[in-house]
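Novice: Got a structure here, written out as structure tokens. Questions coming.
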Amino acid sequence: MLNAVAARSGLGAAFIALALAGACSRDNAPAVEPPVLNIYNWAEYIGHDTVAEFERRTHIKVVQDFYDSNESLEAKLLVGDAGYDIVSTTTAFYGRQIRAGVYLPLDFSRLPHWKNLDPQVLAVQAQADPGNRFAGRSEKTATLALADDVRDQLVAAGFRVILTRTSDKFVELPVRPDIANRARADLFV
């Protein structure tokens, strides 16, 4: 069975949660193999440096497998225990995957910040995952909410901020720095 972070999740948040939950060790502990985090995801959904930085900070090795379609993902998961800790799936498919018993329920005792998630987003996800027992917040809503918060803080500090997107509209990766260059930005994040 798998733990799911559904709807193309913010895996950076999952990395942080795992770092906080499992990165502690004793100074005199015997040498053991580092823990491994197995992820099944769309290609290019995790930043190029994110995995290396996560591994450096937590000493947890990340193994990523990628799929090219919802159908490929579903076929692999429905066969049986695929061995993944995190699966980034889409809302259109995870309801059926949950009903098929593919995922383990989330352990809310290990998710203390769950209470901070947007109830409206959780309500939408609950249509496929009643009670939000198996799936986490989607990447797009987490990323957009974080971007809005950072923008507001920077604006309050006197900075001019231009976001490359302000809605659930995909902007191709090569276009994003072009937006910053056209705005003559001093910093592109």
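Novice: For the range 115-160, what are the residues that are modelled with pLDDT under 85 and basic (Lys, Arg)?
Specialist: Once the filter is applied, which keeps residues that are modelled with pLDDT under 85 and basic (Lys, Arg), the range 115-160 yields Lys115, Arg137, Lys140, Arg151.
Novice: Limited to the range 170-184, what total is found for residues that are assigned to a helix (DSSP H, G or I) and in contact with a Ser or Thr (Cβ under 8 Å, 6 or more places away or on another chain)? Before you say what the answer is, go through the steps one by one.
Specialist: Applying the first criterion (assigned to a helix (DSSP H, G or I)) to the range 170-184 yields 175-182.
Then drop every residue that is not in contact with a Ser or Thr (Cβ under 8 Å, 6 or more places away or on another chain), which leaves 175-176, 179-180.
So the count comes out to 4.
Novice: Could you please find all residues in the range 62-103 being within 22 Å of Gly131 (Cβ to Cβ) and among the β-branched types (Val, Ile, Thr)?
Specialist: Listed by number, the residues that qualify are Ile86, Val87, Thr89, Thr90, Thr91, Ile98, Val102.
Novice: Okay, next question. Check off (1) closer than 21 Å to Asn41 by Cβ; (2) at pLDDT 70 or above for Asp178 and give me the number that stays unchecked.
Specialist: Failing condition for Asp178: (1).
Novice: Counting only residues that are charged (D, E, K, R) and touching an Asp or Glu at 6+ places or on another chain (Cβ under 9 Å), which one in the range 76-132 is nearest to Ile60 (Cα to Cα)?
Specialist: That would be Lys76.
Per-residue answers, yes or no, for (1) under 28 Å from Leu173 (Cα atoms); (2) of a type outside the set (A, V, I, L, M, F, W, C); (3) in a strand (DSSP E or B); (4) at pLDDT 85 or above:
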residue: Glu53; (1), (2), (3), (4): yes, yes, no, yes
residue: Arg57; (1), (2), (3), (4): yes, yes, no, yes
residue: Val62; (1), (2), (3), (4): yes, no, yes, yes
residue: Glu71; (1), (2), (3), (4): yes, yes, no, yes
residue: Leu78; (1), (2), (3), (4): no, no, no, yes
residue: Val87; (1), (2), (3), (4): yes, no, yes, yes
residue: Phe93; (1), (2), (3), (4): yes, no, no, no
residue: Gln97; (1), (2), (3), (4): no, yes, no, yes
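Novice: For the condition in contact (Cβ under 8 Å) with a residue 60 or more places away in the chain and either among the hydrophobic types (A, V, I, L, M, F, W, C) or buried (at least 20 other Cβ atoms within 10 Å of the Cβ) (or both), what is the one hit in Val62, Val121, Val102, Val79?
Specialist: On inspection, the qualifying residue turns out to be Val102.
Novice: With respect to Asn116, determine if the residue is surrounded by fewer than 11 Cβ atoms within 10 Å (Cβ to Cβ), free of Cβ contacts under 8 Å to residues at least 24 places away in the same chain and polar (S, T, N, Q). If you could, list the steps in order and put the result at the bottom.
Specialist: On the way: surrounded by fewer than 11 Cβ atoms within 10 Å (Cβ to Cβ): yes; free of Cβ contacts under 8 Å to residues at least 24 places away in the same chain: yes; polar (S, T, N, Q): yes.
Yes; evaluated as a whole, the condition is true for this residue.
The values are calculated or read from the model by the stated rules, or taken from the named source; none is laboratory data. Note that the coordinates shown come from a computational prediction; the quantities given were computed from them, not determined experimentally. Counting neighbours? That spans all protein chains shown, and the Cβs are built from the backbone with ideal geometry, glycine included.
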